[in-house]
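The values are calculated or read from the model by the stated rules, or taken from the named source; none is laboratory data. Computed from a predicted model, the values in this text were never measured in an experiment. Backbone-built Cβ (ideal geometry, glycine too); neighbour counts: all protein chains shown. Ligands, DNA and RNA are stripped out before the accessible areas are found, and what is left, the full protein with its side chains, is counted by its heavy atoms. Shrake-Rupley method; radii C 1.70, N 1.55, O 1.52, S 1.80 Å.
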Amino acid sequence: PSRAGFVVTGYGILSLADHLVDPATGRRESQAERLQRVVDTAVQAEAAGFGAFGVGEHHFSDYILSAPELVLAAAAARTDRIRLGTSVTLLANTDPVRQAEQLATLDVLSGGRAEMTFARGVSETTAHAFGIADFEELRPRFEEYLRLVLRLFTEQSVTWEGDYRAPLRDIRLQPRPIQQPHPPMWIGGGLSRTSSGLAADLGLPLFLPSLFRWPADYLEIVEFYRERYRAAGHAHPAEVGFPSYLHVAATSQEARRRWRPHLEHYRDFALTLRSAFGRDTDFDALLAGPAICGSPAEVVERVSEIDELLGLGRHLFLLDAGGVPPDVLDDEMELLATEVLPKLG
């Protein structure tokens, strides 16, 4: 159902486009192959029955997806039904007017299927590279830009003045999006009350980060978000989304054997860029927390547990991290389509 500009679609696929060696074969795809495979995955996800496909924005690392709107536009040209979104867009690092134009254009080209998850970002290197000298201003810049993007979508003509970009006078966003009052806009956050509080104040859904934290670690933030959301008196209910690392095979033993080198390889890479937040990150600990691995029945059980724990309206599955090869991903997508999604529906 459509409610105030966003749609609850349940389950989807997420790719961060890490460009890593396959630890089982020592082969690494070319960058062109890797990005094309992300687009191919969107096509597969739609065919499998998933409702959403997301890609994450990163810069200057072996996450090579730096222009998510372009990748989603390529996916839009090859799909018809699946919703296409960013997870996340680093709004503070870009011009909000240009970002609003890109979202509106993607919405038109996709026939009203575009979404964005906006986040402030946590990398000082990235912020500095995009001209933000003082990292401490990233948070207020993000809030100012977010409020401006909302005005650009909901007002016919915008006159505006803020602290972090030139003033606007009688600016009209073009093209106008198909989805009204605007395409779905989620707020990415979950490590502090600031972003989740902002999402609650603005009546926007909250998407939790793809970190090596356990789902239960987010319960305090989720409850804070929902309480503040209710107190704000919004007409539509609060929505929460969450990403899980996931691998499925015919049996639990096969799933664990096949995935272990890839998940450990990805973990080692990811922990060079982010903290483990005090949690153990050995393979078994990951499978007890942020990662889901097993037979279709085991995957259904774990997904359902996390859905219930956090009260999720959106759950995205990250399948391709750590150099998982295309043939294995094809096998996973088949099992998800035939033996997992029907049990979750």
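Laid out as a table, the results:
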read-out	value
Ordering of 77-84, 114-121, 304-311 by burial proxy (mean other Cβ atoms within 10 Å per residue, highest first)	114-121, 77-84, 304-311
FRET efficiency for GLU308 and SER275, using Cβ-Cβ distance with R0 set to 30 Å, rounded to 0.05	0.65
Backbone N under 19 Å from the GLU101 label point (7 Å along Cα→Cβ), restricted to the range 49-91	67-74, 90-91
Tensor-based shape of the range 252-345 (alpha-carbon gyration tensor, a/c under 1.5 rounded, otherwise prolate or oblate)	oblate
Only Lys, Arg (+1) and Asp, Glu (-1) charged, at Cβ; the range 54-133 dipole about Cα centre in debye	220
Förster radius 45 Å - calculated FRET efficiency between LEU344 and THR159, Cβ distance, rounded to 0.05	0.45
Backbone HN-Hα couplings from phi across the range 287-297 [Karplus 6.51/-1.76/1.60, Hz, Gly and Pro as x]	5, 7, x, x, 10, 10, 8, x, 6, x, 5
Label-point separation, ALA47 to HIS128 (7 Å along Cα→Cβ), nm	4.6
Net dipole in debye of the range 236-335 [+1 Lys, Arg Cβ; -1 Asp, Glu Cβ; about Cα centre; nearest 20]	340
In order through the range 259-266: 3J(HN,Hα) via Karplus (6.51 cos²θ - 1.76 cosθ + 1.60), integer Hz, x for Gly, Pro	8, 3, x, 6, 5, 5, 5, 5
Other-chain or far-sequence residues with amide H under 5 Å of SER15's (modelled H)	GLY54, VAL55, GLY56
Percentage relative contact order, the range 280-345, counting C-alpha pairs under 8 Å, at least six apart	37
Stretch gain in nm, segment PHE60-THR25, where the contour uses 0.36 nm per residue and the Cα spacing is subtracted	10.1 nm
The chain: relative contact order in percent, alpha carbon pairs under 8 Å with at least 6 residues between	20
Approximate shape of the chain as ellipsoid semi-axes (Cα gyration tensor, √5λ), whole Å, largest first	32, 21, 21
Per residue solvent-accessible surface (Å²) - the range 223-282, probe of 1.4 Å	49
Sorted peptide list for 192-203, 315-326, criterion being average Cβ within 10 angstrom, highest first	315-326, 192-203
Helix-only CD estimate at 222 nm, as mean residue ellipticity for the chain, using -39500 (n - 2.57) per DSSP H run (n ≥ 4)	-12500 deg cm²/dmol
Antiparallel bridges, percent of DSSP beta bridges restricted to the chain (to nearest 5)	10
Dipole magnitude of the range 175-320 about its Cα centre (Cβ charges: Lys, Arg +1; Asp, Glu -1), debye to nearest 20	420
